[in-house]
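Everything on this sheet refers to the single structure shown next.
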Amino acid sequence: MKILISAGPTREKIDPVRFLSNRSSGKMGYALAEAVRDAGHEAILISGPVTLPPPAMVELIKVESAAEMAQAVKQQAREADVIIMAAAVADYRPVKVHTNKMKKQAGNLILELERTEDILASLGKIKTDGQLLVGFAAETNNVIEYATDKLKRKNLDWIIANDVSASDRGFATENNAVTMISATGRIIELPLDNKYNIARSIIAHLLNY
Ligand code: CTP
């Protein structure tokens, strides 16, 4: 099977030397690509800027912004049997990207931001029969309720909820603990473990073995 995985943060430019981004390390997405490869499937990894080495035997497509990620993901999506959006895509980008470096002024600076495309929601609208669409949800409270809402809103088959309220898991850490929720109402808890082991369990459950 051909399995598409997005990973890492995106960067939204403010000017030639500044950007908006987030703390995603890309580790969960890279671990998923490795688990897919190790399970004998074809992994395509679309990655925002991270410091991780490229995984062996995985096709790696590097992007920077949410718009670039949207274009790359949608281009590859048609051919994919499974799509897992593990990337922490920026929800907003600056309305204006300054061509020259911005000079400081007296007083406050107000940056106007606009919404980026919700890639996962777009994929949910064009999902083909037999294609499995999987999202991630970072939540600090009401984990199951909020994640289930995202699953339905974006027309997903599975959502993988991360409780990011604890500092030993989730964002920019070595370990993770997740709850997988399916559109058919299955709930699977994967207790705290390193991200590779979590990734292997996620892939095993998604592909039913
Ligand atoms: N996602 C995406 N495109 C975006 C933003 C997010 O494809 N522009 C994907 C992420 O890759 C992830 C899921 O959507 O799979 C996260 O959904 P989102 O609605 O952004 O949830 P949270 O990040 O948990 O944030 P919030 O609760 O604020 O909605």
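The values are calculated or read from the model by the stated rules, or taken from the named source; none is laboratory data. Everything numeric here is computed off the predicted structure, so don't read it as measured data. When we count neighbours, we look across all protein chains shown, and the Cβ atoms used for this are built from the backbone with ideal geometry, even at glycine. With ligands, DNA and RNA removed, areas are computed over all heavy atoms of the protein, side chains included. Shrake-Rupley method; radii C 1.70, N 1.55, O 1.52, S 1.80 Å.
Residue check: is residue 138 touching a residue at least 40 places away in the same chain (Cβ under 8 Å), open to solvent by 40 Å² or more (accessible area, probe 1.4 Å) and of a type in the set (Gly, Ala, Ser)? Please lay out each step first, then the result.
Working: touching a residue at least 40 places away in the same chain (Cβ under 8 Å): yes; open to solvent by 40 Å² or more (accessible area, probe 1.4 Å): yes; of a type in the set (Gly, Ala, Ser): yes.
Judged against the criteria, residue 138 is a match.
Among the numbered conditions (1) open to solvent by 60 Å² or more (accessible area, probe 1.4 Å); (2) within 16 Å of the ligand (Cβ to nearest atom), tell me where residue 17 comes up short.
(2)
Can you tell me which residue within segment 153-167, out of those that are open to solvent by 40 Å² or more (accessible area, probe 1.4 Å) and not aliphatic (A, V, I, L, M), is nearest to residue 5 (Cα to Cα)? It would help to see each step written out before you state the result.
Within segment 153-167, the subset open to solvent by 40 Å² or more (accessible area, probe 1.4 Å) is 153, 155, 163-165, 167.
Now restrict to residues that are not aliphatic (A, V, I, L, M): 153, 155, 163, 165, 167.
Values: 153: 20, 155: 18, 163: 21, 165: 25, 167: 25 Å.
Here the answer is 155.
Taking segment 114-130 on its own, how many of its residues are of a type in the set (Gly, Ala, Ser) and surrounded by fewer than 12 Cβ atoms within 10 Å (Cβ to Cβ)?
So in segment 114-130, the residues of a type in the set (Gly, Ala, Ser) come out as 121-122, 124, 130.
Right, trim to surrounded by fewer than 12 Cβ atoms within 10 Å (Cβ to Cβ) and you get 130.
The number of residues fulfilling the criteria is 1.
Go through segment 66-123 and report how many residues are of a type in the set (Gly, Ala, Ser) and at pLDDT below 95.
Our first condition is that a residue be of a type in the set (Gly, Ala, Ser); within segment 66-123, this holds for 66-67, 70, 72, 77, 80, 86-88, 90, 106-107, 121-122.
From the residues that got through so far, the ones that are at pLDDT below 95 too are none.
Of the residues in segment 66-123, 0 are of a type in the set (Gly, Ala, Ser) and at pLDDT below 95.
Residue check: is residue 73 in contact with a helix residue (DSSP H, G or I) (Cβ under 8 Å, 6 or more places away or on another chain), within 17 Å of residue 4 (Cβ to Cβ), touching a residue at least 60 places away in the same chain (Cβ under 8 Å) and of a type outside the set (Phe, Trp, Tyr)? Explain how you work it out, then say what you get.
Details: in contact with a helix residue (DSSP H, G or I) (Cβ under 8 Å, 6 or more places away or on another chain): yes; within 17 Å of residue 4 (Cβ to Cβ): yes; touching a residue at least 60 places away in the same chain (Cβ under 8 Å): yes; of a type outside the set (Phe, Trp, Tyr): yes.
So residue 73 fits the description; yes.
If we scan segment 147-166, do we find a residue that is part of a helix (DSSP H, G or I), more than 10 Å from the ligand (Cβ to nearest atom) and either among the hydroxyl-bearing types (Ser, Thr, Tyr) or out of contact with any strand residue (DSSP E or B) (no Cβ under 8 Å at 6 or more places or on another chain) (or both)?
Yes, segment 147-166 has at least one match.
Mind checking which pairs have a first residue in segment 116-127 that is in contact (Cβ under 8 Å) with a residue 40 or more places away in the chain and a second that is more than 7 Å from the ligand (Cβ to nearest atom) and acidic (Asp, Glu), Cβ under 9 Å, 6 or more apart or different chains?
116/12
Quick one: how many residues across segment 127-144 are more than 8 Å from the ligand (Cβ to nearest atom) and either among the basic types (Lys, Arg) or at pLDDT below 95 (or both)?
The qualifying residues number 9.
Report, by residue number, each residue of segment 80-113 that is among the acidic types (Asp, Glu) and open to solvent by less than 70 Å² (accessible area, probe 1.4 Å). It would help to see each step written out before you state the result.
Of the residues in segment 80-113, the ones among the acidic types (Asp, Glu) are 81, 91, 112.
Matches in segment 80-113: 81 only.
Out of the residues in segment 34-59 that are free of Cβ contacts under 8 Å to residues at least 24 places away in the same chain and touching a strand residue (DSSP E or B) at 6+ places or on another chain (Cβ under 6 Å), which is least open to solvent (accessible area, probe 1.4 Å)?
My answer is 37.
Please specify each residue of segment 1-36 satisfying the condition of being aromatic (Phe, Trp, Tyr) and closer than 30 Å to residue 102 by Cα. Give the derivation first.
As a first pass, look at segment 1-36 and keep what is aromatic (Phe, Trp, Tyr): 19, 30.
Answer for segment 1-36, where residues must be aromatic (Phe, Trp, Tyr) and closer than 30 Å to residue 102 by Cα: just 19.
Please give the number of the condition residue 196 fails out of (1) within 18 Å of the chain's Cα centre (by Cα); (2) within 27 Å of residue 122 (Cα to Cα); (3) not in a loop (DSSP other than H, G, I, E, B).
Of (1) within 18 Å of the chain's Cα centre (by Cα); (2) within 27 Å of residue 122 (Cα to Cα); (3) not in a loop (DSSP other than H, G, I, E, B), only one is false for residue 196: (2).
For every residue, the table says whether it meets (1) within 22 Å of residue 131 (Cβ to Cβ); (2) within 15 Å of the chain's Cα centre (by Cα); (3) assigned to a loop (DSSP other than H, G, I, E, B).
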| site | (1), (2), (3) |
| --- | --- |
| 14 | no, no, no |
| 23 | no, yes, yes |
| 40 | yes, no, yes |
| 55 | no, no, yes |
